[in-house]
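To start, the structure under review is shown below, and the notes come after it.
No value in this document is a laboratory result; all are computed from the given coordinates. Quick caveat: nothing in here was measured; it's all calculated off a predicted structure. Don't worry about glycine lacking a Cβ; one is built from the backbone with ideal geometry, like all the others, and counts go over all protein chains shown.
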Amino acid sequence: MTARFDDLSLVCHPGTAAGTQPERSAPLTSIMVSGSLQADGTLTLEYRLHGNPQRVRMPAQARAAAATAARCDELWRHTCLELFARAAESPRYLEFNFAPDGAWAAYSFDGYRSGQRKLDASHCRIDTRHEAERDLLVVASIKVPAMAASAAVTTWQLGVAAVIEASSGQHSYWALCHPRPEADFHDPAGFSHALKLPAP
């Protein structure tokens, strides 16, 4: 049993630097995301960053090497690909952060930005590669027991997002939608994609 979503398009927040730059000088012009969730809770996400990826500052250039390929906090300070998920209508939600250099994080929240704690997750693998001149592909896979098939959850509401740090140090914020004037990936109104699970 596998649930999939394909080619979700992220939108750059209009108030960030990249949202106001002409296309030819912006680090990225689009981000497309596909993914799947298996019955055992294995979550796989594919982020395709299109534009001028050589103008994207990679985390390894900004963070100590000891953090690479490890679980660590505050990944959002640099280029970071994210996913938020909650069982439909529940105030509780999950947050996943994936850095192109292999660092990752997973958290659970009891409500909007409250009750944060580390989420039980394992076997995280992140592969990053350039495809052609204008595409950077980041594929992340992680096993999440809390997302394993259950009769109690038939739909996950997803908020897919990304923080992109340009080589200049400026940040842009991408998401399926931006319900607030400021970028806020935790807003449940931004969890706008419904991933319906196949019946067991």
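Structure values in brief
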| read-out | value |
| --- | --- |
| Members of the range 101-131 found to be of a type in the set (Asp, Glu) and either more than 14 Å from residue 47 (Cβ to Cβ) or surrounded by 14 or more Cβ atoms within 10 Å (Cβ to Cβ) (or both), listed by number | 101, 110, 120 |
| Residues located in the range 150-176, provided they are under 23 Å from residue 89 (Cα atoms) and either surrounded by fewer than 17 Cβ atoms within 10 Å (Cβ to Cβ) or touching a Cys at 6+ places or on another chain (Cβ under 6 Å) (or both) | 150, 151, 152, 153, 154, 155 |
| Residue satisfying all of: in the range 162-200; acidic (Asp, Glu) and out of contact with any Pro (no Cβ under 9 Å at 6 or more places or on another chain); nearest to residue 116 (Cα to Cα) among these | 184 |
| Residue within the range 182-190 that is under 19 Å from residue 34 (Cβ atoms) and aliphatic (A, V, I, L, M) present | no |
